[in-house]
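A.B. asks: I have a structure I would like to understand better, so I am pasting it below and will then ask my questions one at a time.
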Amino acid sequence: VQLQASGGGLVQPGGSLRLSCAASASIFSMIVMGWYRQAPGKRRELVAAITNLGSTNYADSLKGRFTISSDNAKNTVYLQMNSLKPEDTAVYYCNLVPPKDNYWGQGTQVTVSS
(Lines give C-alpha, C1' and ligand atoms only; values in the text may rest on other atoms or scores of the structure.)
Protein backbone atom coordinates (compact mmCIF):
# COMPACT_ATOMS: atom_id res chain seq x y z
CA VAL A 1 0.00 0.00 0.00
CA GLN A 2 1.32 3.42 -0.92
CA LEU A 3 -0.06 6.86 -0.32
CA GLN A 4 0.29 9.04 -3.38
CA ALA A 5 0.73 12.75 -2.96
CA SER A 6 -0.10 15.11 -5.79
CA GLY A 7 -0.33 18.80 -6.56
CA GLY A 8 3.30 19.84 -6.51
CA GLY A 9 4.99 21.98 -9.09
CA LEU A 10 7.12 25.02 -9.74
CA VAL A 11 6.03 28.20 -8.02
CA GLN A 12 7.58 31.61 -7.48
CA PRO A 13 8.49 32.82 -4.00
CA GLY A 14 5.40 34.11 -2.27
CA GLY A 15 3.14 31.81 -4.25
CA SER A 16 0.78 29.06 -3.11
CA LEU A 17 0.16 25.40 -3.79
CA ARG A 18 -2.29 22.84 -2.47
CA LEU A 19 -1.18 19.27 -2.14
CA SER A 20 -3.57 16.33 -1.99
CA CYS A 21 -3.25 12.81 -0.67
CA ALA A 22 -6.02 10.29 -1.24
CA ALA A 23 -6.13 7.19 0.93
CA SER A 24 -8.30 4.16 1.35
CA ALA A 25 -11.02 4.41 3.94
CA SER A 26 -9.21 1.97 6.23
CA ILE A 27 -6.03 4.06 6.17
CA PHE A 28 -7.87 7.33 6.46
CA SER A 29 -9.54 6.12 9.61
CA MET A 30 -6.17 5.81 11.31
CA ILE A 31 -5.67 8.21 14.14
CA VAL A 32 -3.15 10.63 12.66
CA MET A 33 -2.18 11.48 9.09
CA GLY A 34 0.69 13.72 8.25
CA TRP A 35 2.59 15.56 5.56
CA TYR A 36 6.33 15.15 5.42
CA ARG A 37 8.99 16.69 3.25
CA GLN A 38 12.57 15.93 2.31
CA ALA A 39 14.83 18.59 0.88
CA PRO A 40 18.01 17.66 -1.02
CA GLY A 41 20.70 16.54 1.39
CA LYS A 42 18.40 16.70 4.39
CA ARG A 43 16.45 14.23 6.45
CA ARG A 44 12.74 13.75 5.95
CA GLU A 45 10.77 15.88 8.39
CA LEU A 46 7.18 16.03 9.57
CA VAL A 47 5.53 19.21 8.34
CA ALA A 48 1.98 18.93 9.63
CA ALA A 49 -0.37 16.37 11.12
CA ILE A 50 -4.11 15.99 11.53
CA THR A 51 -6.07 13.59 13.70
CA ASN A 52 -9.25 11.83 12.70
CA LEU A 53 -11.06 14.34 14.93
CA GLY A 54 -9.57 17.29 13.05
CA SER A 55 -6.94 18.42 15.52
CA THR A 56 -3.86 19.77 13.79
CA ASN A 57 -0.22 20.30 14.60
CA TYR A 58 2.58 21.96 12.65
CA ALA A 59 6.31 22.27 12.61
CA ASP A 60 7.08 25.50 14.44
CA SER A 61 8.80 27.09 11.46
CA LEU A 62 5.73 26.63 9.27
CA LYS A 63 2.95 27.85 11.49
CA GLY A 64 0.87 30.48 9.80
CA ARG A 65 1.92 29.55 6.27
CA PHE A 66 0.82 25.93 5.92
CA THR A 67 -2.61 24.51 6.68
CA ILE A 68 -3.47 20.83 6.84
CA SER A 69 -7.06 19.73 6.37
CA SER A 70 -9.05 16.64 5.50
CA ASP A 71 -12.19 15.71 3.62
CA ASN A 72 -13.63 12.63 5.26
CA ALA A 73 -16.09 12.04 2.42
CA LYS A 74 -13.21 11.82 -0.05
CA ASN A 75 -10.70 10.16 2.29
CA THR A 76 -8.29 12.90 1.31
CA VAL A 77 -5.82 15.01 3.22
CA TYR A 78 -4.69 18.39 1.92
CA LEU A 79 -1.79 20.70 2.59
CA GLN A 80 -2.37 24.32 1.66
CA MET A 81 0.95 26.10 1.38
CA ASN A 82 1.05 29.88 1.22
CA SER A 83 3.85 32.44 1.12
CA LEU A 84 6.18 29.80 -0.18
CA LYS A 85 9.92 30.31 0.19
CA PRO A 86 12.86 28.78 -1.67
CA GLU A 87 13.67 26.78 1.46
CA ASP A 88 10.30 25.03 1.12
CA THR A 89 11.66 23.28 -1.96
CA ALA A 90 11.43 19.55 -1.29
CA VAL A 91 9.64 16.36 -2.14
CA TYR A 92 6.45 16.22 -0.11
CA TYR A 93 4.93 12.95 1.09
CA CYS A 94 1.92 11.88 3.08
CA ASN A 95 1.89 9.03 5.55
CA LEU A 96 0.60 8.11 8.95
CA VAL A 97 2.08 9.58 12.09
CA PRO A 98 4.24 7.76 13.01
CA PRO A 99 4.88 6.66 9.43
CA LYS A 100 4.63 3.14 8.06
CA ASP A 101 7.48 2.13 5.78
CA ASN A 102 5.28 0.47 3.17
CA TYR A 103 3.03 3.53 2.86
CA TRP A 104 5.69 5.85 1.44
CA GLY A 105 4.83 6.81 -2.12
CA GLN A 106 6.97 8.71 -4.61
CA GLY A 107 5.91 12.05 -3.20
CA THR A 108 5.31 15.23 -5.13
CA GLN A 109 8.04 17.72 -5.96
CA VAL A 110 7.59 21.30 -4.85
CA THR A 111 10.08 23.78 -6.23
CA VAL A 112 10.03 27.39 -5.15
CA SER A 113 12.14 29.50 -7.44
CA SER A 114 12.02 32.70 -9.42
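A.B. asks: Can you compute the modelled spin-label distance between Glu45 and Gln106, with each label point 7 Å from Cα toward Cβ, in nm?
C.D. replies: 2.6
A.B. asks: Rounded to the nearest 20 Debye, what is the dipole magnitude of the chain about its Cα centre when Lys and Arg each give +1 and Asp and Glu each give -1 at the C-beta?
C.D. replies: That gives a dipole near 80 debye.
A.B. asks: If you count only protein heavy atoms with a 1.4 Å probe, what accessible area per residue comes out for the chain, rounded to a whole Å²?
C.D. replies: Per residue, the chain has an accessible area of 53 Å².
A.B. asks: Within the accessible area of the chain, what % is carbon and sulfur when the probe is 1.4 Å and the other protein chains stay in place?
C.D. replies: Answer for the chain: carbon and sulfur cover 49 percent of the accessible area.
A.B. asks: What ratio of Cα Rg to 2.2 N^0.38 Å holds for region 1-66?
C.D. replies: Dividing the Cα radius of gyration by 2.2 N^0.38 Å gives 1.22.
A.B. asks: Restricted to Cα positions, what overall size does the chain have along the principal axes? Three whole-Å values, descending.
C.D. replies: Extents along the principal axes: 40, 26, 23 Å.
A.B. asks: Further question on the same structure: Need the list of lysines near Lys74 for cross-linking: C-alpha distance under 27 angstrom, and skip anything on the same chain fewer than eight residues off.
C.D. replies: Cross-link targets: Lys63, Lys100.
A.B. asks: Here's another thing I want to ask about it. For the chain, what is the mean residue ellipticity at 222 nm derived from helices alone (per DSSP H run of n ≥ 4: -39500 (n - 2.57); sum divided by total residues; nearest 500 deg cm²/dmol)?
C.D. replies: -500 deg cm²/dmol
A.B. asks: While we're looking at this one, here's another question. Loop-only trypsin sites (Lys or Arg not before Pro) in region 17-83, please: DSSP not H, G, I, E or B, and at most 15 other Cβ atoms within 10 Å.
C.D. replies: Lys42, Arg43, Lys63, Arg65, Lys74
The values are calculated or read from the model by the stated rules, or taken from the named source; none is laboratory data. This structure is a prediction, so every number in the text was calculated from the model and none was measured. Here Cβ is always computed from backbone atoms with ideal geometry, including for glycine, and neighbour counts include all displayed protein chains. Calculation scope for accessible area: heavy atoms of the full protein, side chains included, ligands and nucleic acids excluded. Shrake-Rupley method; radii C 1.70, N 1.55, O 1.52, S 1.80 Å.
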